[in-house]
Every structure is written in structure tokens, then in C-alpha cells.
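What follows is calculated from the coordinates using simple rules that are stated; it is not laboratory data. Nothing here was measured: the structure is a model prediction, and the numbers come from that model. Cβ placement follows ideal geometry from the backbone for every residue including glycine, while neighbour counts extend to all protein chains displayed.
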Amino acid sequence: MSQSKAPHSKESLLASRVGELVANDFRTAHLFSQHGIDFCCGGGISLERAIKRFDADETSVIDALMALETQGEKLQGLEQLPLPDLLNYIESTHHTFVREKAPLLVEYSQKMVRAHGENHAEIKPLAGWIHALVEDLMPHLMKEERILFPAILGLHNQVEMQNCFGHIGNPINAMQYEHDDALQIFEKISELTNGFVPPAHACTTWRVCYATLAEFEADLKQHIYLENNILFPKALALTA
Ligand SMILES: [Fe+2]
Ligand SMILES: [Fe+2]
């Protein structure tokens, strides 16, 4: 599923060999694992046969592969954006998303502690990690918006700016450390929630909380990818 090729149809995906799909786009490896498809031993057979052999749900697998492909095309488009537009995109899409969803996650997890915290051991630590994540992310967004992004824009516009951090690489390193911290917290959350899969007895708040966490993780990974792999290298190249 190379991002440079034309989009796949359902039929062409089903006819592709599993190993070929993974070789062309490593993100499919994680997707196949999630759907119970063994892409190592089963890599030489077509996706259609693999879905049958590993008893996976064809519609879910195809939908997820197509969503990945769309995401890949979108990222390719973002790579071409001029720096000021990329900064605007990150703020208006990803920073807005975090600000909208983070308070909801805190609210849901606190409700869950009140209703189920005594009887289910995973709930209190989950609420603790969600709190830690939000406490880390909010100042992170502010540092990017108030310090790093204006400095990157200044470099782009060749405007001399007063700053207290020296080379732009310093705040970029600091932001990358904070990205790693946020992803590590999400790994703990993913372990505690069994990959955001609610137990059969879960109430509505519990289910909504896990669904929001899954959405939050996907957005955060894309947000961090954009900053680490597209924005920061472009900013550093301006100082080379
Ligand atoms: Fe950001
Ligand atoms: Fe960031």
C-alpha cells in the first residue's frame, strides 16, 4: 500500500499478498495484528485468503486499510504545505482536538472512579494516567503556541526575534522529549484498558471513555508525527 501509488479498491486489496502490503506500508503490520492476521507466517497469501484463514472480519479489515491509505495521502498533502499553513493546520486541527477532548476524558474517568473505582482495580490508575496526560499536554500546547511556533514563523519570515532559548534546536528537543513522555503515558493507558476494549459489563460512560481514548491516541500520534517528522525538520533546515 505505497503512499505514492493510486488508491486501492476493495478488490485490489483483497487480491494483494499480506506480506506485500506490510512491505509497502509498515503501519499495516499493527493493523493486521489487531485483527489477528499473522503477517509473518501468512505473508505469502492473498489478503482474502488470510482473512478467511485467521477468521477476521473482512469489512473491518478493508475499512481500516482504506482509512490508513487516506491518512497517508493526507500526510503527503501536509508535507507540501508552506510552513505558516502547516503551523495553522496543527493548531486548528490537533491543538483544538486536544482542548476539546481532554476535559471530557477527565470527566469520564472521574465518573468511572466514583461508580466503579472500588470494584475494578484498573479504574483508579487509569484516571491517574489520564490526569497525568492532560497535565503534561496542556502546558505543552501553550509552549508550542507561545514560544516555539512564533519562533519558527519568525525564522520563516526572516524576522529577527528576541528569545531566551538560544538555537531553535533547544525548544525542539524539549518538545520531542515531551512527545515521548505523552506516548509513554498512552502505552500505560493502552495496557490498562486492554487496547481500549471495554469489558462486556462496561456501562455507557466506560464505553464512551474508551472510544474517546482510542480517538485521542490516533489524533495524538498523527499530531506528534507531523511535528517530529515534518514541522521540526523544516524549521531546523531554515537554520542550516
Ligand atoms: Fe502540537
Ligand atoms: Fe507537540
Computed over segment 109-173, the relative contact order (Cα-Cα under 8 Å, seq sep at least six) in percent reads 21 percent
Where the centroid of each part is defined by its Cα atoms, how far is segment 42-74 from segment 122-163 in Å? 36 Å
Restricting to Cα pairs under 8 Å and 6 or more apart, the percent relative contact order of segment 10-78 works out to 34 percent
So how do 18, 113, 159 line up by other beta-carbon neighbours within 10 Å, fewest first? 159, 113, 18
Short to long, in 5 Å steps from zero, the percent of alpha-carbon pairs of segment 81-237 per bin is 2, 8, 18, 20, 15, 11, 9, 7, 5, 3, 1, 0
Which helices pass in the chain if a helix is a full DSSP H run, must span at least 15 angstrom along its long axis by Cα, and must have mean Kyte-Doolittle hydropathy not below -1.0? 58-79, 96-116, 123-143, 169-192, 204-225
Restricting to lysines and to Cα separations under 22 Å from residue 143, and discarding same-chain partners fewer than 8 apart, the set is 101, 221, 234
Scoring the chain by relative contact order with C-alpha pairs under 8 Å, at least six apart, yields a percentage of 19 percent
